[in-house]
Every structure is written in C-alpha cells, then in structure tokens.
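The values are calculated or read from the model by the stated rules, or taken from the named source; none is laboratory data. Quantities reported herein were computed from a predicted structural model and do not represent experimental measurements. Glycine also receives a Cβ, built like all others from the backbone with ideal geometry; neighbour counts cover every protein chain displayed.
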Amino acid sequence: MSKETDLAWVAGFIDGEACITIRKYKGQKAVNFTHQLDIHLSNTSREALEKVQSVLGVGVIHSIPQRAKLGFKETWQFVIVANQAEAALRQVLPYLIAKRREADIALEFAKLPRESYGRDGVPEHIMQMREDLFLRIRAGRSKGTR
C-alpha cells in the first residue's frame, strides 16, 4: 500500500476506535494540575495496532490484563502522548471524519506554550486556555445514552 493509503486506513481506525483527548492530571509532587494531549486506541488485534504504530512511527502498545481476567478476549492498547500525538494527528488529519472535531481541538491545544515555568507554575492565562480546550474536547462526546 502507498503511504497515503496507509494514512487513510489509520485515520479510519482512529475514527472508529480511538479516543483523542486532553488529559488533566496532577503529578505526585505537583502543586497544580497540568494537561497533556493523548490518543488511545484499543483493539483485540495486536497485529492491527502494530500496523498503526508502523505507519505513524510513534506510540507504544501494551496489554490490558484486567479485561482478560473478566473473561474477555485479550485486548491491547496503543497510546500516543504529547508531541508524538500531535505529529500523528497532523499525518492523519486530512483523512479524519468522525474524530475531526477532536483532532482540531487537540492541535489547537498543541499550539499553546509548553515550556517549563519552574516554581511559579504555568501562568494563569495559559492554564485557562488549556482548561477551555480540555472542556471543549469533552463537551462534544456522547455518553452512550439513547
């Protein structure tokens, strides 16, 4: 397959199976929350996830053992974070349909300053921009209701 065909295939996989999100978390020694761009893609086919990883050139694959303990088929998760997530989204953006909105918000988030601010922490106006994008990306998601 050509690179474009591969990227279109990956975009379809992302559209159907992935979660593109801005994660909000607090490190063990951190005083304030921070935000990070994440892409998670779960599937029972490790081979398919390895193909995604090969096409994008980034990310890690790990098993989800708790699913197998519950009697489900072995499940794998492909994870891409931060700068690598941004690079992956830029590659597949022209082909995304269902996840285009989340990808656009994620790339807007990726444009924000990311330098370390030391003891003073991230300036309030930047934290507010991050939080606004965090809320926007979550707002458009369905909760599985009918």
**Item:** Boolean, I20 is of a type in the set (V, I, T), part of a strand (DSSP E or B) and within 12 Å of the chain's Cα centre (by Cα)
**Value:** yes
**Request:** Name, by its number, the condition in (1) in a helix (DSSP H, G or I); (2) closer than 21 Å to E115 by Cα that does not hold for L7.
**Result:** (2)
**Fill in**
Condition set assigned to a strand (DSSP E or B) and in contact with a Phe, Trp or Tyr (Cβ under 8 Å, 6 or more places away or on another chain), scope region 23-38, selection surrounded by the most Cβ atoms within 10 Å (Cβ to Cβ): answer is L37
**Request:** Determine which single condition E74 fails, assuming it passes every other condition in (1) in contact with a helix residue (DSSP H, G or I) (Cβ under 7 Å, 6 or more places away or on another chain); (2) of a type in the set (D, E, K, R); (3) at pLDDT 95 or above.
**Result:** (3)
**Asked** Does at least one position in region 10-31 carry a residue that is over 25 Å from I126 (Cα atoms), modelled with pLDDT of 95 or more, among the charged types (D, E, K, R) and touching a Lys or Arg at 6+ places or on another chain (Cβ under 8 Å)?
**Response** yes
**Complete:** Among the residues of region 49-71, the number that are in contact with a helix residue (DSSP H, G or I) (Cβ under 7 Å, 6 or more places away or on another chain) and within 12 Å of V10 (Cβ to Cβ) is 5
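Name the single residue that is farthest from V52 (Cα to Cα) among those in region 115-141 being in contact (Cβ under 8 Å) with a residue 40 or more places away in the chain and over 17 Å from the mean Cα position of the chain (by Cα).
G121
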**Request:** Please tell me if K111 is exposed (fewer than 12 other Cβ atoms within 10 Å of the Cβ) and among the basic types (K, R).
**Result:** yes
**Fill in**
Going through region 52-91 in order, the residues found to be crowded, with 17+ Cβ neighbours inside 10 Å and assigned to a helix (DSSP H, G or I) are V52, Q53, V55, L56, Q84, A85, E86, A88, L89, Q91
**Complete:** Those residues of region 110-146 that are part of a helix (DSSP H, G or I) and at pLDDT 75 or above come to a total of 17
**Message:** What's the number of the only condition in (1) touching a residue at least 60 places away in the same chain (Cβ under 8 Å); (2) within 13 Å of I22 (Cα to Cα) that L112 fails to meet?
**Reply:** (1)
